[in-house]
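Below is one structure, written out as structure tokens; the observations come after it.
The values are calculated or read from the model by the stated rules, or taken from the named source; none is laboratory data. These numbers come from a predicted model, not from an experiment. Here the Cβ positions follow ideal geometry from the backbone for every residue, glycine too, while neighbour counts run over all protein chains shown. Note: accessible area is taken over every heavy atom of the protein model, side chains too, but ligands, DNA and RNA are not part of it. Shrake-Rupley method; radii C 1.70, N 1.55, O 1.52, S 1.80 Å.
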Amino acid sequence: MNEEARRVINLMEPGHTGCAGCGQAIAARLVIKAAGPRVIVANATGCLEVYTTTYPRSSWEVPWIHSLFENAAAVAAGMEVTLKAMGRYEGIKIIAQAGDGGTADIGMGCISGMFERGHDILYVCYDNEGYMNTGYQRSGLTPLGARTTTSPPGRLSYGNRTRKKNMPMIAVAHGVPYVATATVSEPRDLMRKVQRALEIEGPKYLHILVPCVPGWGYESELTVELARLAVETNLFPLFEVENGVITKVKKPKETRPVEDYLRPQRRFAHLFRPGGEEILDELRRIAEENSRLEPGPVRLFGPTGSKS
Amino acid sequence: MRAILEGSKAVAEAVRLCRPNLVCAYPITPQTHIVEELSRMVAEGSLDAGFVLAESEFGAASVVLGGSAVGGRAYTATSSQGLLLMVEVIFNIAGLRLPVVMTCANRAVSAPINIWNDQQDSVSIRDSGWIQLYVEDNQEAVDTHIQAFRIAEELMIPVMVCMDGYVLTHTVEPVDLPEQEEVDRFLPPYRPKYRLDPDDPFTMGAMVGPEAYMETRYHLHMDMMEARSVIRRVAEEYAESFGRYHGGLVEAYDVEGADVVLVSMGSLLGTMREAVEELREEGLKVGLLKIRCFRPFPKEAIHDALKGVGVVGVIEKDVSLGLEGTLCSEMRAAFCGEESPEISSFVMGLGGRDITVEEIKQVARELAADPACRVEFRGLKEELLRGDEG
Ligand SMILES: Cc1ncc(C[n+]2csc(CCOP(=O)(O)OP(=O)(O)O)c2C)c(N)n1
Ligand code: SF4
Ligand SMILES: [Mg+2]
């Protein structure tokens, strides 16, 4: 196989040091495969960054930069504006990617600025629902009730107290013309969304649920199965929003009770002990809310104009 | 072209002459006029650069990092709190070896919040791996910005041009602005040694463990040391092309045979020159040493300039709390292992407090009478210290 052909198949090479069964590794490979070789990637600090570029090795067959934890969106913005100013942008796509922490918590300022200014960038959030690189601490995208190392259950606690911050809707509220969710149990859907996003000029936001073996506490062969269960229990709905309108909702063929998703994960084990019922009820309510998601205009109010 | 311009506008003109591909900044007093002027140039079409109004200084520094990484000439400017908010990115830009140029309009650091001039902001990040050049007047600011891009791009090390807020940024002075063709000859287009490009994939910013991290820092350190000769050469070449020279690393003035030599950085040198002249008329032989380049620290140049000098007073607008003025500490390092003059620290002018010619003369007189090494704050208000007021 010649060099070029090899590149197109494996733009993110295997042989990195991620955990066996890492959902993020599966997703990142699909994203870059769908995007193709004419991209430049700005990657935030986090698991993906660490295990793909441990010096002197790199998995990346595309130009790739890691600067800091919270600035991938701004670094990408600088690349886009500069390449345009230099007349070198033609045919290049720019991707900024980060974990849920790098996105919804510490990186929010830079992302908001990037969205607001309308840079032509695909931003991908790999949501494994915690700060996994630093040992499974809570993030703003950790689900209600989950055990993390900073939201442990205890005499006075049933794990994480907050619901997931609604990052896709935060993107929609910025007027981002294409916002979608995806997960690794639907690889074709995921790749199609990347390609759809890259056809659109302006900022794009793709939020991918990526199961994490040690962080969630499950057997490594269950990664794809758990991603599927997240969708089938309606705890992670798959949808697309274009210019403020929900264009597609990928409804599960059969809906499962939330317990089917929660039980195999050690981070939810305490919910099945006495006292956990209240949190389980709340999770059922969240799933029920999600199941009612239908195509149509996103109901945002306030002075939000979508750029089209 | 001779023009009468506010310092900030003169800097903006100099930056435009350098043909940056990317300008990104966030406003903060006293840097604001630079950003406003560059915005005006972009709006009227006289500056053909990518232009980003970032959501914060942290964002602005990250944006110029990205622009530089794809091979563009990138510029930003800030002050004080803005510089501190950038700090994480500042270290990162240097570590990634990206030749960004930044103006720091020097301002005091909060708390208490204070928008006036001192140099605590840039001095506090001396270890970040940026070259730091301090300018005395607006002409030097113009000339140093043009030199800064040459130095940065030759070494792949970022350069910060530090100019005193208000004292320079808001002062209207005549300056000579070079012609575009002259600048183009002196500063050719940036040819990066490496950049992010799909035609030649490259990984930048990898994770480096104990097995190689130290070597990357050593390289940067050695290149910083090497920068001293580059800074000097670029200043000389600039003098050849434009007929103006403001010193390379340091500039000595009447040092030979001086009883006392006063040392400082930035615009205070102007006031000190006046003081020295008056003192000489009064019969006290006082010399001056201007530190133009603070990082890399020009140990040899300082050492050579002060040969035979017995008493040195360092007057500076910053303090390493719990020690002394930072420049003073570093001056001592220039004499490591050798006979050193008595070097005293005078912390003055913090938060925009005026430093008068008379106060400088008083420092020199006292040092001549008693050379013993000491650390002093000057210009303090006794009544405030006692708590009578405020
Ligand atoms: C400013 C800053 N704060 C904290 C850290 C430490 N840190 C590195 S990665 C990380 C968590 C990453 O979480 P996430 O973005 O969700 O990525 P993941 O590792 O889970 O894929 C943290 C807290 C850092 N590198 N920089
Ligand atoms: S800790 Fe989780 S996110 Fe990190 S490499 Fe392992 S499975 Fe992947
Ligand atoms: Mg995470």
With +1 on the Cβ of every Lys and Arg and -1 on the Cβ of every Asp and Glu, the dipole magnitude of the range A:48-157 about its Cα centre, in debye rounded to the nearest 20, is 220 debye
With a Förster distance of 56 angstrom and the Cβ-Cβ distance between B:Glu281 and A:Arg161, calculated FRET efficiency to the nearest 0.05 equals 0.15
With R₀ set to 35 angstrom, the calculated FRET efficiency between the beta-carbons of A:Gln137 and B:His221, to the nearest 0.05, is 0.50
Using a 1.4 Å probe on heavy atoms of the protein chains only, the accessible area for A:Glu294 in Å², nearest 10, reads 110 Å²
Across A:84-96, the residue-averaged tally of Cβ atoms belonging to other chains within 10 Å stands at 3
Sorted on mean Cβ neighbours within 10 Å (highest first), peptides A:239-251, B:22-34 come out as B:22-34, A:239-251
By the Cα gyration tensor axes a ≥ b ≥ c (a/c under 1.5 gives rounded; else a/b larger than b/c gives prolate, otherwise oblate), the shape of the range A:55-99 is oblate
Placing one equal point scatterer on each C-alpha of the range A:56-153 and summing with Debye, one gets log10 I(q)/I(0) at q = 0.15, 0.24 Å⁻¹ equal to -0.67, -1.21
Using alpha carbon centers only, the range B:211-268 is separated from the range B:50-112 by a whole-angstrom value of 22 Å
Residue span B:Asp200 to B:Ala212: 0.36 nm per residue of separation minus Cα-Cα distance leaves a gain in nm of 1.9 nm
For the pair A:Glu278 and B:Ser110, the simple spin-label estimate (label points 7 Å beyond Cα toward Cβ) gives in nm 4.0 nm
Checked chain B against the a/c 1.5 cut and the a/b vs b/c comparison, axes a ≥ b ≥ c from its Cα gyration tensor; verdict prolate
Looks like the range A:150-241, by Cα gyration tensor root eigenvalues a ≥ b ≥ c and the a/c under 1.5 rounded cutoff (else prolate when a/b is bigger than b/c, oblate otherwise), is oblate
Per the helix-only model, the protein assembly as shown has a calculated mean residue ellipticity at 222 nm (DSSP H runs of ≥4, -39500 (n - 2.57) each, divided over all residues, rounded to the nearest 500) of -11500 deg cm²/dmol
So, relative contact order of chain A in percent, Cα under 8 Å, 6 or more apart, is 16 percent
Chain B: relative contact order from alpha carbon pairs under 8 Å, six or more residues apart, as a whole percent, is 16 percent
Expected field for B:Phe335, accessible surface area in Å² at 1.4 Å probe radius, rounded to 10, holds 10 Å²
proj_area_mean for the range B:250-386 (convex hull on C-alpha atoms), units nm², value 8.4 nm²
Judged on accessible area alone, 1.4 Å probe, highest first, A:Thr17, A:Thr45 line up as A:Thr17, A:Thr45
Per-residue average of other protein chain Cβ atoms inside 10 Å, peptide B:15-22 -> 2
Inter-part gap, Cα centre of the range A:241-289 to Cα centre of the range B:176-195, in whole angstrom, is 59 Å
Relative to chain A, whose Cα atoms define the longest principal axis, helix A:108-117 and its Cα axis are tilted in degrees, nearest 10, by 50 degrees
Ordering A:125-132, A:29-36 by per-residue average of other C-beta atoms within 10 angstrom, highest first, gives A:125-132, A:29-36
Once Lys and Arg are counted +1 and Asp and Glu -1 for all other residues with Cβ under 13 Å from that of B:Ala369, the total becomes -1
Listed by chain and number, the residues whose amide H is under 5 Å from that of A:Lys93, excluding neighbours fewer than 5 places away on the same chain and using placed H, are A:Val39, A:Ile40
Measuring from the longest principal axis of the C-alpha atoms of chain B, the long axis of helix B:57-69 (C-alpha) lies at a number of degrees, nearest 10, equal to 60 degrees
The helix B:7-17 Cα axis meets the longest alpha-carbon principal axis of chain B at an angle in degrees, between 0 and 90 and rounded to 10, of 40 degrees
Note, A:Arg267: beta-carbon cut-off 9 Å, +1 each Lys/Arg, -1 each Asp/Glu, net +1
Across B:43-51, the residue-averaged tally of Cβ atoms belonging to other chains within 10 Å stands at 2
Rounded to whole Å, √(5λ) for the Cα gyration tensor eigenvalues of the protein assembly as shown, largest first, gives 54, 27, 23
Rounded to the nearest Å, the spacing of the alpha-carbon centers of the range A:161-200 and the range B:12-28 is 35 Å
Longest chain B segment clear of trypsin sites (Lys or Arg not before Pro) sitting in DSSP loops (not H, G, I, E or B) with at most 11 other Cβ atoms within 10 Å runs B:1-192
